[in-house]
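**Q** Can you read through this structure? Questions will come right after.
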Amino acid sequence: LLEWWPLEAKQVLQQVIEEVVIAYQQALPNIFNDNFAQIEMERIFNISWRWLQFEAQRAPFVVVGIEKEVVVQIAGVQLKLRIDRIDQIEGGGLVIIDYKTGAVSNTQWLELPLIAPQLPLYAYSMLEQIVALVYADVSADGIKFIGAALEKDLLQGVKEFPYSFTEQSELWQKG
């Protein structure tokens, strides 16, 4: 992506969005009329472009998983999960990203009792490798990461975690 930055990246993004919206327009012509399709393309482009600009500011990383299925065994129950995105940073650590378009907070998964167990469940599948667990807040209101990382300033706006995710998982199990 950075090789195309910014002009070609903008053009590619516009082309992909247009192709997807046109496909929806053809499948659902009563809903996706020309006016609605144009508004939707602009809305999606604006949010996506802001997200790409945000991502371009990060330290180098490689996306190693998208919609990755993992199986976790918790209290004798086997759960099949799908992780939105997994990035590998320099040094090999993994960043688990769960995209959200609505309001989220760290208190939903860091504090007990767990209100939102999704990120903790993802963590169980690869505890030793994780360096950050985050929500990616991608909405019209703002673009940001919300979560915790093992190193300060690993991800913009993400607070430093005081101990490993393995230690945190023990607390989750007790709660």
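**Q** Report, as a whole number in µm² per second, the diffusion coefficient that Stokes-Einstein gives for the range 118-175 at 37 °C and 0.692 mPa s using the Kirkwood radius over alpha carbon pairs.
**A** On the way: Rh = 12.1 Å.
The estimated diffusion coefficient comes to 272 µm²/s.
**Q** What do you get when you divide the Cα radius of gyration of the chain by 2.2 N^0.38 Å, with N the number of residues? Each step should come with its number before you reach the end.
**A** Working: Rg = 18.3 Å, N = 175, 2.2 N^0.38 = 15.7 Å.
In units of the 2.2 N^0.38 Å rule of thumb, it is 1.17.
**Q** Rounded to the nearest 5, what % of DSSP beta bridges with both residues in the range 17-175 are antiparallel? Could the numbers behind the result be given before it?
**A** Values: 24 of 33 bridges.
DSSP beta bridges in the range 17-175 are roughly 75 percent antiparallel.
**Q** May I ask you to order 131-139, 11-19 by the average number of other C-beta atoms within 10 Å around their residues, highest value first? Mind dumping the intermediate values first?
**A** Working: 131-139: 22.0, 11-19: 13.3.
Going from most to least packed, we get 131-139, 11-19.
**Q** Still on this structure, I have one more. Quick check: at a probe of 1.4 Å, how many percent of the accessible area of the range 59-175 sits on carbon and sulfur atoms?
**A** Numbers: 3220 of 6290 Å².
About 51 percent, which is the carbon plus sulfur part of the accessible surface.
**Q** Follow-up. Explain nothing, just the number: relative contact order of the range 98-141, from Cα pairs under 8 Å at least 6 residues apart, as a whole percent. Walk me through the numbers before you get to the answer.
**A** Working: 35 pairs, mean separation 25.0, N = 44.
Across the range 98-141, relative contact order equals 57 percent.
**Q** With a 1.4 Å probe and every protein chain left in place, tell me how much accessible area Asp153 has, in Å² to the nearest 10.
**A** 120
**Q** In the range 68-152, what % of DSSP beta bridges are antiparallel (nearest 5)?
**A** Values: 19 of 26 bridges.
Percentage antiparallel, nearest 5: 75.
**Q** Checking the cross-link filter: which aspartates and glutamates have an alpha carbon closer than 13 Å to that of Lys152, excluding same-chain neighbours under 8 positions apart?
**A** Once the sequence-local aspartates and glutamates are set aside, what remains near Lys152 is Glu160.
**Q** For the range 41-116, state which GluC sites (Glu not before Pro) are in a DSSP loop and have at most 15 other beta carbons lying within 10 Å of their beta carbon. Walk me through the numbers before you get to the answer.
**A** Values: sites: Glu42, Glu55, Glu67, Glu69, Glu90, Glu111; in loops: Glu90, Glu111.
Passing sites in the range 41-116 are Glu90, Glu111.
**Q** If you don't mind, there's one more thing I want to ask. If all Cα-Cα distances of the range 1-54 are sorted into 10 Å bins from 0 onward, what percent lands in each bin, rounded to whole numbers?
**A** Using 10 Å bins, I get a P(r) of 25, 48, 22, 6 for the range 1-54.
**Q** Do any trypsin sites (Lys or Arg not before Pro) in the range 85-175 lie in a loop, going by DSSP, with at most 13 other beta-carbon atoms within 10 Å of their beta carbon, and if so which? Intermediate values should be presented prior to the final figure.
**A** Values: sites: Arg85, Lys100, Lys144, Lys152, Lys159, Lys174; in loops: Lys152.
Here the trypsin sites (Lys or Arg not before Pro) that fit, given the DSSP loop and packing criteria, are Lys152.
**Q** What percent does the relative contact order of the chain come to when contacts are Cα pairs within less than 8 Å and at least six residues apart?
**A** 14
**Q** Going Cα to Cα from Lys80, which aspartates and glutamates come in below 20 Å? Please leave out same-chain ones fewer than 8 positions away.
**A** Correct list for Lys80: Glu67, Glu69, Asp98, Glu128.
**Q** At 1.4 Å probe radius, can you tell me the per residue accessible area of the range 49-175 in Å²? Write out the running numbers ahead of the final one.
**A** Details: 6780 Å² over 127 residues.
Averaged over the residues of the range 49-175, the accessible area is 53 Å².
**Q** Grab the Cα-Cα distance for Leu114 and Arg58, subtract it from 0.36 nm times how many residues apart they are, and report the gain in nm with one decimal. Don't skip to the answer; put the middle values down first.
**A** Values: separation 56, 0.36 × 56 = 20.16 nm, distance 2.93 nm.
Extra length from Leu114 to Arg58 when fully extended: 17.2 nm.
**Q** Give me the distance between the Cα centres of the range 153-175 and the range 14-37, rounded to whole Å.
**A** The distance from the Cα centre of the range 153-175 to that of the range 14-37 comes to 41 Å.
**Q** With charges set only on the Cβ (+1 for Lys and Arg, -1 for Asp and Glu), what does the dipole of the range 1-121 come to about its Cα centre, in debye to the nearest 20?
**A** Values: 9 positive and 15 negative charges, 67 e Å.
Here the range 1-121 has a charge dipole of around 320 debye.
**Q** Report the label-to-label distance for Lys80 and Lys10 in nanometres (one decimal), using points 7 Å from each Cα along the Cα→Cβ vector.
**A** Calculated label separation equals 4.3 nm.
**Q** Counting alpha carbon pairs within less than 8 Å and at least 6 residues apart, what relative contact order, in whole percent, applies to the range 82-121?
**A** On the way: 33 pairs, mean separation 10.5, N = 40.
After rounding, I find 26 percent.
**Q** A further question on this structure: Report, ordered by chain and residue number, the lysines lying within cross-link reach of Lys10, taken as a straight Cα distance under 22 Å and ignoring same-chain residues fewer than 8 apart.
**A** Counting by Cα, and skipping residues close in sequence, Lys10 has these lysines nearby: Lys144.
The values are calculated or read from the model by the stated rules, or taken from the named source; none is laboratory data. A quick note: this is a predicted structure, and the numbers were derived from the prediction, not measured. Here the Cβ is made from the backbone with ideal geometry for all residues, glycine too, and neighbour counts use every protein chain on show. Surface areas here come from the heavy atoms of the whole protein model, side chains and all, with no ligands, DNA or RNA. Shrake-Rupley method; radii C 1.70, N 1.55, O 1.52, S 1.80 Å.
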